[in-house]
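Encoded as structure tokens, the structure appears first; notes follow it.
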Amino acid sequence: MPVALKYKVMDCPTAYMWTITRLTPGCSQPRRVEREEEYVRCQQLYKLGVPLYTREAILNAYAQLKTCKLGDIINITGIDGTSVDWIICTGKIWVDPNGAEHQLLEPRLCYIPIQALESWDVPSPLYTIPCSLRIAHRLVTRDPITKGLEEHPSLNFEEVRMNFFTSLHFLRNGPHYKLLRLQLNDYPKLPRITKIIGFSCGSMVRKLEGRECLNARSRFQHAFLIALKEYLDARNFETTGQEVRLYVQDDTYLERDIAIIRQFGLQVLQNPEGFLVVDEETLVFSCRPDTPVRQVVADLALPAMMLWDHERDPTKVNGRLGQLIYDPWSPRLDALMRFYHVQDFHNDGIHFEKMDMCIRRPMADLFQEVNDDNAGNAAVDARPVA
């Protein structure tokens, strides 16, 4: 059986370890191929339009994960039809090369971008399987003497709640919200938006020594989602009177995070429930997440609007070119952008990275472009919807 691999997300105190995998009994084992041949194979499947992520596959894996226990098997099918078993190792102990003890906790569903499938380097026959959904266990350190698990240090609940309230007050009267309103007011006919889903906005209460700025960043992004909901509610009140639902999904939330978030009207969804609620009436918010949100969304839906990272160099992924990007661009996203008006959103380098505001174009515009022999393939520059 392959050796489990550990990975840790930068600026995220949570570490995960891949669970043990094997080919499903009865499944024909793919022949070993050179990496260049594997690259071509994945590219062929991808260019043929084979989705990396489907609702059916995500739902199937999630249903198995909800009731799994030590020794159970989660079966996932790769994009080429190869069946793979992921053996659940919840509760097992792993000793790292330094002698530190770690315990594997609850498993989670992970999403592998096309770039990783093209260059996956696992010392086992499974490295030839294009499996875009994988299973990993959360990893925590265990005291070698008491055998107790290391608890997450957290900030004072009331202090964080008041700081969050202050961030929300500042945001409502600050430049980000004013700019947002100015940009959206240029679109008198926005697509119908009934829900907002924010991905990987971070923990507000997790104590991060030397990285307190991440707590402030998390508070600000959650406050931004609330302000965005308030703006859309006001617009909807004039037309449909329907209130926008607000969801967030992040594997790093602690119980105190969830308690504070709920006090401000946000609904917390477990991975992968956030992806499953995304549809054509959704606004997707994502700023430097630890998962390929853009590639998953591109396969699942055509959202009404997206506020997400601007980076469009598909070679910048997982440390390449000196950057750590877990949400890389892809050719499929180039095609998706034809359906959207795209413009820059404010970047202060503190609370947000450089981001794009993508608003779905009216079907009439798309129909006209399809019939225009001179229509280009690039993303459309921002133009107000008439």
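Figure note: V248, V50 ranked by solvent-accessible area, largest first, 1.4 Å probe, ligands and nucleic acids not counted: V50, V248.
Take each peptide in 267-276, 302-311, 141-150, 57-66, count the other Cβ atoms within 10 Å of every residue, and average; sorted highest first, the result is 302-311, 267-276, 57-66, 141-150.
In sequence order, the stretch 97-102 has phi-based couplings of x, 8, x, 6, 9, 9 Hz under the Karplus curve 6.51 cos²θ - 1.76 cosθ + 1.60, θ = phi - 60°, and Gly or Pro positions carry x.
Electrostatic tally near K195: other residues with Cβ closer than 14 Å to its Cβ, Lys and Arg +1, Asp and Glu -1, net -3.
Straightening the chain between A259 and F157 buys 35.8 nm, computed as 0.36 nm per residue apart minus the Cα-Cα spacing.
Over the C-alpha atoms of the stretch 157-363, the Rg to Rh ratio, Rh being the Kirkwood estimate, stands at 0.94. Per residue, the accessible area of the stretch 157-363 comes to 40 Å² when a 1.4 Å probe rolls over the protein heavy atoms.
Candidate cross-link partners of K195 among the lysines, defined by an alpha-carbon separation under 17 Å and a same-chain spacing of 8 or more, comprise K229. Using θ = phi - 60° in the Karplus curve 6.51 cos²θ - 1.76 cosθ + 1.60, the 3J(HN,Hα) couplings for the stretch 141-152 round to 7, 10, 5, x, 9, 7, 6, x, 7, 5, 8, 6 Hz; x is entered for Gly and Pro.
Between the amide H of K195 and those of R245, L283, distances stay under 5 Å, these residues lying 5 or more places away or on another chain, with hydrogens modeled in the peptide plane. Shown in residue order for the stretch 257-272 are the 3J(HN,Hα) couplings computed by the Karplus curve 6.51 cos²θ - 1.76 cosθ + 1.60 at θ = phi - 60°: 4, 4, 5, 5, 4, 5, 4, 9, x, 8, 9, 8, 10, 7, 5, x Hz (x for Gly and Pro).
With a cut-off of 14 Å between beta carbons, the residues surrounding R161 carry a summed charge of -1, where Lys and Arg count +1 and Asp and Glu -1. Taking amide hydrogens as placed 1.01 Å from N in the peptide plane, the amide H of A15 sits under 5 Å from those of L139, each at least 5 positions away in sequence or on another chain.
At an R0 of 22 angstrom, the distance between the Cβ atoms of E280 and N347 translates into a FRET efficiency of 0.20.
Straight Cα distances below 17 angstrom link K92 to the lysines K6, K69, K147, with same-chain residues fewer than 8 positions distant left out.
The values are calculated or read from the model by the stated rules, or taken from the named source; none is laboratory data. These numbers were taken from a predicted model, which means no experiment stands behind them. Cβ atoms come from the backbone with ideal geometry, glycine included; neighbour counts cover every protein chain shown. The accessibility values were calculated without ligands, DNA or RNA, using every heavy atom of the protein model including side chains. Shrake-Rupley method; radii C 1.70, N 1.55, O 1.52, S 1.80 Å.
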